[in-house]
Amino acid sequence: MRTLALLLLLCSAGCASVRMTRAFNGVKVDGGFTPLATVSIENTGWFLFNCIPLASGNPDRPNETTCLPFRNTVTLDNNMKMLDATMTREDATCFEHLTSHLKDDFYYFFILYRRTCQTSVVILRAKDNQSPEKQP
């Protein structure tokens, strides 16, 4: 019974999220571009023995309590997919200050792993009188 409860908890714990803020905290960008938002993207999944996926966040539906059981979606490619959707929604033309990293936490004597892929970026729009010369 505990195993079933743990599995149900893990399935609800896989999470993909996209958060934005309009506070730039002194971030500078090159001329010709206006910063729109600082975007933080995170995708989390749970793994057995660090190789068998139990549940991962759904990159097609970030910020919802959905997960994909028995799939590994915790990748930089999926974070970039969520970034692309955010840029389209915000009408951004490019980005700067991209940072990403993977973090692994382990539980129960290295049996259970939680992997998180985090990405942070400032999305930009070309100023009205100039074309977007700067592309990522």
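Using a simple charge model, +1 on the beta-carbon of Lys and Arg, -1 on the beta-carbon of Asp and Glu, nothing else, what dipole does segment 2-126 show about its Cα centre, in debye to the nearest 20?
Computed about the Cα centre, the dipole is about 280 debye.
In segment 84-132, what chymotrypsin sites (Phe, Trp or Tyr not before Pro) fall in a loop by DSSP, with at most 11 other Cβ atoms inside 10 Å?
Tyr108, Phe109, Phe110
Of Met80, His97, Phe109, which is farthest towards the positive pole of segment 73-115's charge dipole, taken about the Cα centre with +1 and -1 on the beta-carbons of Lys, Arg and Asp, Glu respectively?
Phe109
Send over the Kirkwood Rh of segment 2-126, from the inverse of the averaged 1/r over different Cα pairs, rounded to one decimal Å.
15.4
At 7 Å along Cα-to-Cβ for each site, give me the label-to-label distance between Thr75 and Arg61 in nm.
Going from the Thr75 label point to the Arg61 one covers 2.1 nm.
With a cap of 15 neighbouring Cβ atoms within 10 Å, and only residues DSSP puts in a loop, list the chymotrypsin sites (Phe, Trp or Tyr not before Pro) found in segment 12-68.
The qualifying sites are Phe24, Phe49.
From Cα pairs below 8 angstrom and at least 6 apart in sequence, can you work out the relative contact order of segment 15-136, rounded to a whole percent?
31
Which loop trypsin sites (Lys or Arg not before Pro) in segment 18-111, with loop taken from DSSP, have no more than 15 other Cβ atoms within 10 angstrom of their Cβ?
Arg22, Lys28, Arg71
Read the figures in this text as sums done on the coordinates, not as results from a lab. Worth saying up front: this structure is predicted, and the values here are computed from it rather than measured. All Cβ positions, glycine included, derive from the backbone under ideal geometry; neighbour counts span all protein chains shown.
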